[in-house]
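First the structure, in the form of structure tokens, and then the observations on it.
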Amino acid sequence: MSLFSCKSLPQPSFLPMTRAEMERLGWDELDVLLVSGDAYVDHPSFAMALLGRVLIAHGFRTGIITQPSWSGPEDLLVMGRPRLFAGVSAGAIDSMLAHYTAFRKKRSEDAYTPGGRAGARPNRACIVYTNLLRRAFPGLTVILGGIEASLRRITHYDFWTDALRKPILLDAKADAVVYGMGERAVVDIAARLSAGRDIFGIPGTVTVQEDFTATIQLPSHDEMLADPKELMCATLMLEKQVHDGTDWATERVENRTILVAPPAVPLSTEEMDRVYALPFARKSHPAYSLPIPAEEMIRDSVTSHRGCGGGCSFCTLALHQGRHIASRSRASVVDEVRRMAASSDFRGHVSDVGGPSANMWGASCAKEGQPCKRSSCMTPTVCPHFRMDQKAHLDLLRFLRRIPGVRGVRVASGVRFDLALKDMEALGGYLREFVGGQLKIAPEHVCDHVLRLMRKPGNRVFEEFLTVFDRESKRAGKEQYVIPYLMSAFPGTTDEDMHALARWLGNRGWKPKQVQCFIPIPGAVATAMYHAGITPDGKLIYVPRTDEARLRQHRILLPPEEKTAAHAAGDARPPRFKPCANRCPVPARHSKAGKKPAARKRK
């Protein structure tokens, strides 16, 4: 069924946050209440804003409450009891990751809060908000969603307590979890509840059932507690379920059964176009008096597609957005930029046109619907069935640059460099025309055995890219730098591996200022590697588990003058990234490929 197949309500300037705003819209009650750990920015990169407008487009009156106090339910009562359900999200970032660094130090900032203030959401926000809703509205259906709930849909390893936790549905005592991209599921939930039907079996949801026989029977919670290797088994099975897209999965937790329905079908190009054509204000709600840092980061960005074929073992996109690329049409992207350029708030530069990796726009699989045994479309080499037209993306960027009012276009979300090397003409165009002095890329490491565990291309591919980057930058007469994402303490990485990376950087004159220490995020394959001490095929590996071992590896990459500050801060900077990218790297200092300058110039 098409996502847009029913009557719509008029779209408001902003989703209502108060009773007065509801009354101005002529609404006497809400159908759906959304509760978020982020401040409300009405931009399509923010899931709650997007889902709220999609629900309104289907005739469901939807309001939003953000960052409510967790001392009591009073903040949740301002618009009254919703008729159908409440949807809960911790926000664009897992609440534990938003609060704590890789060394469990408290972060000093939160980019999704007015004024960048830390501490505006609770730890384990999904659980806390659900409990508050139960107190505010007894008997109301509560649905969990967003990255925090999505990645905790089965038994998962929790880095902050160094233990396995039960599926979040049981801990929070909610009615269902929506995992992945949630438009289809939330509309289906609203429609079924409005018709008095149950919400069993909706694609892209997790529910509790008394008994159910599924194609995929995950190890039970008790089995994973007894043998850490079973977490690896469950993680790989769940990853395969998302990629195959057809099977049901179950996990037994004591006397209950967690049922994971198959993932929702990705939106078609036409559906994506209609979602992104909704009248987003592209700014924060006027109730806020302080700026929201994340708004500044994404205000002038455009999401061209979803999904990533990379399948990196440390990244949770494989479980959340999946490897299938769902792209908007060229006309849709052009129309959004034209509307941006016509706004009085537009500053002339489109900061990004992309997604998890900008150059995957329009990509597809030549064997779509057929069995696939690969865990990544990109490694060990780019799959021959992965079809893409990077010249078409380059042509799109060039067209956008010529729109009246647009002075510049960038690809701040970065490019997948191994994929870029498949089309040297398009790569040259990217580097000469659309790199604003800096280009984000993610080599992560240089040791090939570590890169294989990460599901990343070998270092030879990265060095080939750097050669092309330097050549094309000189050809364009531009001083340009790469911003490489680097990672320490990854499972399977020894101190000598980190010294090898440090020597490689030193030989190029690169001085990393910030390095991301690996954080075991729930649901990732690398997290199962960390917990079980094995590779996906069951081989034993060394894992730097203690804070001492992790910090020692982390500090190997830092220049002497940076080490004391890094130790004191505990890698305390919050992750800075586009909300839908679902990554948490902290970049190294940008460095020009192939050069060894004594000092850096800042433009």
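Residues of segment 180-201 include none that is surrounded by 15 or more Cβ atoms within 10 Å (Cβ to Cβ), closer than 30 Å to residue 102 by Cβ, modelled with pLDDT of 95 or more and aliphatic (A, V, I, L, M). Within segment 64-78, count every residue that is out of contact with any Asp or Glu (no Cβ under 8 Å at 6 or more places or on another chain), within 21 Å of residue 287 (Cα to Cα) and not in a helix (DSSP H, G or I). Result for segment 64-78: 4. Residues in segment 458-485 that are among the aliphatic types (A, V, I, L, M) and under 20 Å from residue 356 (Cβ atoms): 461, 482, 483.
For residue 347, the requirement of being over 19 Å from the mean Cα position of the chain (by Cα), closer than 25 Å to residue 241 by Cβ and either touching a residue at least 60 places away in the same chain (Cβ under 8 Å) or in a loop (DSSP other than H, G, I, E, B) (or both) is not met. Checked across segment 397-405, the condition of being touching a His at 6+ places or on another chain (Cβ under 9 Å) and either in a loop (DSSP other than H, G, I, E, B) or among the small types (Gly, Ala, Ser) (or both) holds for no residue.
Rundown of residues vs (1) small (Gly, Ala, Ser); (2) assigned to a loop (DSSP other than H, G, I, E, B), yes/no style:
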residue	(1), (2)
496	no, no
502	yes, no
519	no, yes
522	no, yes
544	no, yes
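Consider segment 232-268 and keep the residues that are within 15 Å of residue 318 (Cα to Cα) and of a type in the set (Val, Ile, Thr). The one that is surrounded by the fewest Cβ atoms within 10 Å (Cβ to Cβ) is 265. Out of all the residues in segment 295-303, is one or more buried (at least 23 other Cβ atoms within 10 Å of the Cβ), touching a residue at least 60 places away in the same chain (Cβ under 8 Å), assigned to a helix (DSSP H, G or I) and not basic (Lys, Arg)? Yes, because at least one residue in segment 295-303 is buried (at least 23 other Cβ atoms within 10 Å of the Cβ), touching a residue at least 60 places away in the same chain (Cβ under 8 Å), assigned to a helix (DSSP H, G or I) and not basic (Lys, Arg). Within segment 190-218, the only residue that satisfies the criterion of being touching a residue at least 60 places away in the same chain (Cβ under 8 Å) and within 21 Å of residue 536 (Cβ to Cβ) is 218. Summed over segment 202-231, the residues that are under 24 Å from residue 56 (Cβ atoms) and either of a type outside the set (Gly, Ala, Ser) or surrounded by fewer than 17 Cβ atoms within 10 Å (Cβ to Cβ) (or both) give a count of 3. When residues in segment 232-267 are screened for being among the polar types (S, T, N, Q) and either in contact with a His (Cβ under 8 Å, 6 or more places away or on another chain) or free of Cβ contacts under 8 Å to residues at least 12 places away in the same chain (or both), 1 of them pass. Kindly provide the set of residues from segment 358-392 that are free of Cβ contacts under 8 Å to residues at least 40 places away in the same chain and in contact with a His (Cβ under 7 Å, 6 or more places away or on another chain), ordered by number. Answer for segment 358-392, where residues must be free of Cβ contacts under 8 Å to residues at least 40 places away in the same chain and in contact with a His (Cβ under 7 Å, 6 or more places away or on another chain): 366, 367. The residues listed here are 143, 154; of these, the one that is under 24 Å from residue 266 (Cα atoms), in contact with a Phe, Trp or Tyr (Cβ under 6 Å, 6 or more places away or on another chain) and modelled with pLDDT of 95 or more is 143. The residues of segment 66-102 that are within 25 Å of residue 317 (Cα to Cα), in contact (Cβ under 8 Å) with a residue 60 or more places away in the chain and touching a helix residue (DSSP H, G or I) at 6+ places or on another chain (Cβ under 6 Å), listed by number, are 88, 89, 92, 94.
Residues of segment 35-58 that are in a helix (DSSP H, G or I) and farther than 20 Å from residue 84 by Cα: none at all.
The values are calculated or read from the model by the stated rules, or taken from the named source; none is laboratory data. All of these numbers come straight from a predicted model, not from anything done at the bench. So basically every Cβ, Gly included, is an ideal-geometry build from the backbone, and we count neighbours across all protein chains shown.
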